[in-house]
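Read the structure below first, then the notes.
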Amino acid sequence: MTEEQERDALAGEYVLGLLDRTESAAFEKRMADDARLDAAVFLWQARLAPLDAIAQPIEPSAGLWQRIEGGLDQVTVTQRAAVSRPALHSRLARWWDSLWVWRGAALAGFAAAVLLAAGLVAALDRARRQPVMVAVLLTDTNIAAAVVNTFADGRVELLPLQDIGVPQGRALEIWTLWDRAVGPRSVGLIDRARAVSLRLDNLPLGADQLFEITVEPASGSPTGRPTGPIVAKGVTARRL
């Protein structure tokens, strides 16, 4: 049922006297501000006017009102409920056919879908930010100095856990070693202990892969191999 059809049906119920006092008052208040609803009432009155014109007036008998009043006194609670049931059914039918009810249900469904999608995106984002493998780099006294995190999308980052002293004119260079026959490869150079993305490019990356930090000249190792003292080292392990 469209909004226009709902308006026309409600106007018909009003003209036929099917609305109770509360519903009629609410309808009349709405009609005062709704020109289309007022027009629908006028059309219903025009449709039903011929019935009024052809109906023959009937004079009620003298005892009719006494019988009606006596009958009302004998109505039981069950009968009162039965009398009100059609009105309740009518209201439920109007609720079922109401465009606003279904529009609200559709909006609620849409909102639920948006929340579900947002939750899924958030879950995927959390999963993307969780490292696949971790290497804890320890000093020669077994103190954790830094950690290397590797992610499913290929990102690799180094996060310092402690301040590392760097002599003047020197730098910290990060290396990785996956095959002793190939030797270590430089993957980063920093002037001080700070978070940095490591440049593995097309280098292999797997479990039990060595990462280490050495002290080198400010421009990096002149030989392409570690030359300075090792600050910290550790191997990768898959994150639980």
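Worth pointing out:
- Within the stretch 1-18, tally of residues that are among the hydroxyl-bearing types (Ser, Thr, Tyr) and free of Cβ contacts under 8 Å to residues at least 40 places away in the same chain: 1
- Residue within the stretch 147-167 that is touching a residue at least 40 places away in the same chain (Cβ under 8 Å) and touching a Lys or Arg at 6+ places or on another chain (Cβ under 6 Å) present: yes
- Residue in the stretch 215-240 that is most open to solvent (accessible area, probe 1.4 Å), counting only those that are among the small types (Gly, Ala, Ser) and in a strand (DSSP E or B): Ala237
- Residues in the stretch 149-190 that are touching a Pro at 6+ places or on another chain (Cβ under 8 Å), open to solvent by less than 40 Å² (accessible area, probe 1.4 Å) and part of a strand (DSSP E or B): Asn149, Thr150, Ala171, Glu173, Trp175, Thr176, Leu177.
- For the stretch 191-214, the candidate set comprises residues that are free of Cβ contacts under 8 Å to residues at least 60 places away in the same chain and buried (at least 19 other Cβ atoms within 10 Å of the Cβ); within that set, the residue that is nearest to Asn149 (Cα to Cα) is Leu198.
The values are calculated or read from the model by the stated rules, or taken from the named source; none is laboratory data. Here the structure is a predicted model, which means the values were calculated and not measured. Methodologically, a virtual Cβ is constructed for each residue, glycine included, from the backbone with ideal geometry; neighbour enumeration extends over all protein chains shown. Just so you know, the surface numbers come from the protein's heavy atoms only, side chains and all, with ligands and any DNA or RNA stripped out. Shrake-Rupley method; radii C 1.70, N 1.55, O 1.52, S 1.80 Å.
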